[in-house]
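One structure below.
The values are calculated or read from the model by the stated rules, or taken from the named source; none is laboratory data. Because the structure is predicted, anything quoted here is derived from the model rather than measured. As a convention, Cβ positions derive from the backbone with ideal geometry for all residues, glycine included, and neighbour counts pool all protein chains shown. These accessible areas exclude ligands, DNA and RNA; they are computed on the full protein's heavy atoms, side chains included. Shrake-Rupley method; radii C 1.70, N 1.55, O 1.52, S 1.80 Å.
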Amino acid sequence: MQHADARSRELATNAIHAGGKQLHPERAVVTPIYQSSNYLFAGEDYHQLGYIRLSTTPNHRVLAARIAALEWTESALVLGSGMAAISGTLLSLLGTGDHLLAQGNLYGGTATLLHREFPKWGITHTSIDAQRPDSWAAAVRPATRVVYVETMTNPLLEVADHLEVVEFAKGNGLVSVIDNTFASPVGFRPAEIGYDIVVESCTKFMSGHSDIVAGSVAGSGEHVAAIKHTQDHLGGALDPHAAFLLERGLKTLEVRVREQTRTAGLLARMLEGHAAVSRVYYTGLESHPQHSRASQLFHGHGGMLSLELVGGLEAASRFSAAVEIPTVAVSLGGPESLVIRPAATSHAGLAPEEREASGITDGLIRFSTGLENADDLLDDIDRALRLSQQQG
Ligand SMILES: *Cc1c(COP(=O)(O)O)cnc(C)c1O
């Protein structure tokens, strides 16, 4: 039902209405915050318990239906963070002795989960080169259960060969899982091309206001129920107040991401022609190695880009000190533009040679495009870039 209905309407409509009109107390038009951990037990079994940790409150139910409609999946679940969505998904699919294939250069939290936590429970992984499908078969073992990728990697926005990932998973009996945080369902709907499970850090574009931490998992009813069962016991539920803010943020998802994408495109082109910039990473530019793949798969290239400054670390530091509109901070997808130097933050744990080898130079800046006026933003960036080139 949800399925057919979701596809007959555009995302902007579903972001506001999917899940149906509910009759709220006092005929409230907006879903109120149901700030109650516990609910009267009217049913006969566990599945009818109303309890926040079980994600069964009205705020959770509305969001689950809405996100399923945005992702074009049968079912969805909201959780307490993107990492709760990722850990809950993988721990539901994998047990002691199991193995997964994971794209290299994953989001830092996920990479650490795979490298440091999973080995404690006997879950191992092999990194695969997402650009070389012919190399994947050699990494599959009898215990391999899952293939895990991201829509675009952080911070160089490498786009995996997604059609091949899906086909490879099906051909080898693996569950395909994708982290779609950088694109959001506005930019890419992985389930549409056959991914089994789509996770999002709703902390980013989905909620869009840099004021909550949340996550979602979307997929078949069977997969989502299994992940919910695992996460019910791990305890990574979403708080009702954060659920309210996520529902509110989702209503403007499409207009926000569309505008962020438009500004990012203008910015990327300005940067590409700028004397202070040696390289720009944006999937919307023809210079991006996976530009044609991204153009074929994505509905717009999104709000994330990276730039490398002429003059390396010193220039990057002068640039960060000179920008007035963007905030120097991690995270992404909010209304305020953000700049951060990955070599000093997300990738600080890597040895300098490893960083250089993976293209994350000291002069690299990651940019999350906000919702400021594009002309104001471009003027400010241009001014800061000029200052970045002045010595002393
Ligand atoms: C932020 C982020 C996460 C983790 O999400 P949290 O909500 O911070 O737990 C996972 N993947 C990607 C790509 C992210 O950007």
Study note, to complete from the structure: Expected max-MSF residue from Thr230, Thr181, Thr112 in the GNM of the chain (alpha carbon, under 10 Å) is Thr112
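Report the equivalent ellipsoid semi-axes for the chain in whole Å, largest first, defined as the square roots of five times the eigenvalues of the gyration tensor built from alpha carbon atoms.
Its equivalent ellipsoid spans semi-axes of 35, 26, 19 Å.
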Check your understanding: Dipole of the chain, Cα-centred, from +1 at each Lys and Arg C-beta and -1 at each Asp and Glu C-beta, to the nearest 20 debye?
Key -> 460
Practice item. May I ask you to derive the FRET efficiency for Glu167 and Gln390 from their Cβ-Cβ distance with R0 = 45 Å, giving the value to the nearest 0.05? Key: 0.30
Revision key, fill the gap. With bins of 5 Å, the percent of all Cα-Cα pairs of the stretch 173-279 per bin from 0 is 2, 11, 17, 18, 18, 14, 8, 6, 4, 2, 0
**Study point:** Assigned charges on the beta-carbon of Lys, Arg, Asp, Glu; the stretch 288-371 dipole about Cα centre (debye)
**Key:** 240
Review point. Build a GNM of the chain with springs between Cα atoms under 10 Å: which of Arg279, Arg258, Arg132 gets the top mean-square fluctuation?
Key: Arg132
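Using a 1.4 Å probe on the protein heavy atoms, what percent of the accessible area of the stretch 308-392 belongs to carbon and sulfur?
52
Using a ≥ b ≥ c from the Cα gyration tensor of the stretch 1-80 (square roots of the eigenvalues), is it rounded, prolate or oblate, where a/c under 1.5 gives rounded and otherwise the larger of a/b and b/c decides, a/b for prolate?
prolate
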Review point. In nm², what is the average projected area of the convex hull enclosing the Cα atoms of the stretch 99-237?
Key: 8.7
Check your understanding: So what is the relative contact order of the chain, in percent, for Cα pairs below 8 Å that sit 6 or more residues apart?
Key -> 16
**Study point:** Gain in span if fully extended, Thr345 to Thr124, counting 0.36 nm per residue against the direct Cα distance
**Key:** 77.0 nm
Practice item. Just need the Rg to Rh number for the stretch 232-387, please, alpha carbons only, Kirkwood Rh. Key: 1.01
Practice item. Compare Gly173, Gly236, Gly104 in a GNM of the chain, Cα atoms joined below 10 Å, and give the one with the largest fluctuation. Key: Gly173
Review point. Lys21: which aspartates and glutamates have alpha carbons under 16 Å from its alpha carbon, excluding same-chain residues fewer than 8 sequence positions away?
Key: Asp5, Glu247
Practice item. Just grab the label-to-label distance for Ser287 and Glu272, each label 7 Å out from Cα along the Cβ direction, in nm (one decimal). Key: 0.8
Exercise for review: Just grab the label-to-label distance for Asp5 and Gln22, each label 7 Å out from Cα along the Cβ direction, in nm (one decimal).
Suggested key: 1.3
Practice item. Provide the gained length on full extension for the span Ser295 to Ala42, in nm with one decimal, where the gain is 0.36 nm per separating residue minus the Cα-Cα distance. Key: 86.0 nm
Review point. Shape call for the stretch 44-88 from the C-alpha gyration tensor, a ≥ b ≥ c root eigenvalues: rounded (a/c under 1.5), prolate (a/b greater than b/c) or oblate?
Key: oblate
Review point. What is the stretch 238-299 by shape, rounded, prolate or oblate, if you read a ≥ b ≥ c off the alpha carbon gyration tensor as root eigenvalues and call it rounded for a/c under 1.5, prolate for a/b larger than b/c, and oblate otherwise?
Key: prolate
Revision key, fill the gap. Largest-first semi-axes in Å of the equivalent ellipsoid built from the Cα gyration tensor of the stretch 319-364 are 23, 11, 7
Point to revise | Where GluC sites (Glu not before Pro) in DSSP loops with at most 11 other Cβ within 10 Å are excluded, longest remaining stretch of the chain | key: 45-285
Practice item. Multiply the residue separation of Thr230 and Glu324 by 0.36 nm, subtract the distance between their alpha-carbon atoms, and state the gained length in nm to one decimal. Key: 29.4 nm
Exercise for review: Treating cross-link reach as a plain straight distance, find the lysines whose alpha-carbon is under 24 Å from the alpha-carbon of Lys204, omitting any fewer than eight places away in the same chain.
Suggested key: Lys228, Lys251
Check your understanding: Where the accessible area of the stretch 68-167 is counted over protein heavy atoms with a 1.4 Å probe, how much of it, in %, is carbon and sulfur?
Key -> 51
